[in-house]
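Student: Got a structure for you, written out below as structure tokens; questions coming shortly.
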Amino acid sequence: MTSSVKVALTAEDLLDQIGIWHPYPLFITFSMAFLWLLSVMPTMSPSYMAPSSSSSCSLDNCSFVTVQNEFNITKTLIDPGEMTSSVFFLGNGVLGQIYAVAADRIGRRPVLIASLFISGLSGIGAAYAPTFETMLIGRFFQGSCFTALTMINWVMCCESISFSGHGYASVLFGLCWVIGYCSVSPLAMYFSTWRYVQLATSVPCVIFGVLMIFTLPESFSFLVAKRKRDDLVKWIETASRVGHEEIDYDADQIVDMSSREDDNKSLLQTLKIVLQSKLMVTYTAVESFLWIIDLMIYSALSLSSTGVGSHNMHLSYIFSGLVEIPSYFLIPAAIDWLGRKPSVMVCHLILAFSLLSMYLFDHEADPEIFLIIWLIAKFAVASAFMLCFVYGAELFPTNCSCSNPPKNPIFQKHLPWRLRHHFQSWSSCGSPCPCHGHIFPGTPLFILCTLLIHLHYFDDNSSRNERKPQYSTESTTIACL
């Protein structure tokens, strides 16, 4: 009997034919989303391991041994214990791009598996470190894998599922991030020292890495772009066997069509395209400002969340994670109803006024009101981050949609941890809230200025927004920039 299913002649046609609910792409999606859960735990664990506020211990679980306690670290103008978090981001800024380049050369799968082992083993080494300096070295190499475990896996997911499933995948990734974020608190409640928390957030990476060796396939689009026909056929046949259904395709045609469509521009050529266009430079400058400010505020609110509540530091931290969940569902709807630019402006307006309102209430005299305002700010900055991803992907042409500097780990991670300590020295005198020491008082004004720049430069009606993403062999390198 003749099959009524159209024979897939391109990579997009084949992924559409397989569908978003097929077991094989579902497995890839869930596996890659789970990496966000694993990566956020060591990222946010310093909230308990090396808290920025000494008052956190006095509120709950005073027997918990922090990094500052064990190594007898004395706080001066800058708390050296906070290097536990800073050096993690520094490692990503210095070495993170290496993983991205490797993923474009040898494949997503080997780099992801290697990153899981490097992250896990480095974290385990940090947990058993005899000195503070040795612990920082372990955290440095653990942080170097942050880009691989948060960006390369997202690229691989998008390259292995139908375009119609990208929206569902983004929600799943966000939920896994929140689950991993909130799971740090129960670990800190159960264990009595930072060493056990560090160990508990590192061992799962090694275990999952072993599992991925035997189960994780290579990215579908990577196989097509590299013209690996035999591996491509094996990928499709595995999907057919797992899904118990026949897939009609022409492997030679899929590879041939892909090579015609792919311009194969190098990273340097893509960056030159950006610099030669004044409009691109303008977009890049505005996006850079948004990313730096938003990340700085997100990190400050997250890492200081254990010192916000006056009664229960664990609830404060967990609520700071749970409050992000609505953004993953509301922002896509807001984009459809309001458009891109109004959504960005509304989120930043809410964030600006929330931060400003924090200075009108004392977190000790009015803890409930202050916590509500603080959670609104956390929701707003999480929403702003999601919109940054959307805007960054849609404002730029396909071949350089991710090549803007704000997505470079140097901008995202290295700069904020340095600014964080400068802001602390500027606003620490008489500050009624532990997190005020990490947020510059003029931040709301910066955000309001950003809104004016958005209003002047960004056009909300762009035909580029309707195009499907194309993944070249340089997609991971560019995405991690």
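The values are calculated or read from the model by the stated rules, or taken from the named source; none is laboratory data. This is a predicted model, so every value here is computed, not measured. For neighbour counting, all protein chains shown are included, and Cβ atoms are generated from backbone atoms with ideal geometry for every residue, glycine included. Each accessible area value is taken on the protein alone, full model and side chains, heavy atoms only, with ligands, DNA and RNA left out. Shrake-Rupley method; radii C 1.70, N 1.55, O 1.52, S 1.80 Å.
Student: Give region 82-95 a look and list any residue that's over 15 Å from the mean Cα position of the chain (by Cα) and open to solvent by less than 10 Å² (accessible area, probe 1.4 Å), or say none.
Tutor: Passing the criteria: 82, 84, 85, 86, 91.
Student: Could you tell me which numbered condition residue 72 fails, if it satisfies all but one of (1) outside any loop (DSSP other than H, G, I, E, B); (2) over 23 Å from residue 203 (Cα atoms); (3) open to solvent by 10 Å² or more (accessible area, probe 1.4 Å)?
Tutor: If we test residue 72 against (1) outside any loop (DSSP other than H, G, I, E, B); (2) over 23 Å from residue 203 (Cα atoms); (3) open to solvent by 10 Å² or more (accessible area, probe 1.4 Å), just (1) comes out false.
Student: Now, a different point. Restricting attention to region 96-111, which residues are assigned to a helix (DSSP H, G or I) and open to solvent by less than 40 Å² (accessible area, probe 1.4 Å)?
Tutor: Listed by number, the residues that qualify are 96, 99, 100, 102, 103, 104, 108, 111.
Residue by residue, here is whether (1) of a type in the set (Ser, Thr, Tyr); (2) closer than 30 Å to residue 90 by Cα; (3) more than 17 Å from the chain's Cα centre (by Cα); (4) open to solvent by less than 40 Å² (accessible area, probe 1.4 Å) holds:
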{"residue": "290", "(1), (2), (3), (4)": "no, yes, no, yes"}
{"residue": "294", "(1), (2), (3), (4)": "no, yes, no, yes"}
{"residue": "300", "(1), (2), (3), (4)": "no, yes, no, yes"}
{"residue": "303", "(1), (2), (3), (4)": "no, yes, no, yes"}
{"residue": "325", "(1), (2), (3), (4)": "no, yes, no, no"}
{"residue": "336", "(1), (2), (3), (4)": "no, no, yes, no"}
{"residue": "344", "(1), (2), (3), (4)": "no, yes, yes, yes"}
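Student: Still on this model: Residue under question is residue 122, and the condition is that it be open to solvent by 10 Å² or more (accessible area, probe 1.4 Å) and touching a helix residue (DSSP H, G or I) at 6+ places or on another chain (Cβ under 7 Å); does it hold?
Tutor: Yes.
Student: Kindly provide the set of residues from region 158-181 that are modelled with pLDDT of 95 or more and open to solvent by 20 Å² or more (accessible area, probe 1.4 Å), ordered by number.
Tutor: Within region 158-181, just 179 meets the criteria.
Student: Moving on. Here is a list: 139, 229. Which entry is assigned by the TED database to the domain that holds residue 32 and over 16 Å from residue 40 (Cβ atoms)?
Tutor: The unique qualifying residue is 229.
Student: So, in region 126-146, of the ones that are more than 19 Å from residue 73 (Cβ to Cβ) and open to solvent by 10 Å² or more (accessible area, probe 1.4 Å), which residue ends up modelled with the lowest pLDDT?
Tutor: 146
Student: In this structure, does residue 134 turn out to be within 30 Å of residue 239 (Cβ to Cβ) and either without any contact (Cβ under 8 Å) to a residue 12 or more places away in the chain or of a type outside the set (Lys, Arg) (or both)?
Tutor: no
Student: Let me ask you something else. What residue, of 197, 184, 155, 242, is open to solvent by 30 Å² or more (accessible area, probe 1.4 Å) and either within 23 Å of the chain's Cα centre (by Cα) or farther than 23 Å from residue 317 by Cβ (or both)?
Tutor: Result: 242 is the single residue among 197, 184, 155, 242 that is open to solvent by 30 Å² or more (accessible area, probe 1.4 Å) and either within 23 Å of the chain's Cα centre (by Cα) or farther than 23 Å from residue 317 by Cβ (or both).
Student: Select from region 11-30 the residues that are out of contact with any helix residue (DSSP H, G or I) (no Cβ under 7 Å at 6 or more places or on another chain) and outside any helix (DSSP H, G or I) and list them in ascending order.
Tutor: 19, 21
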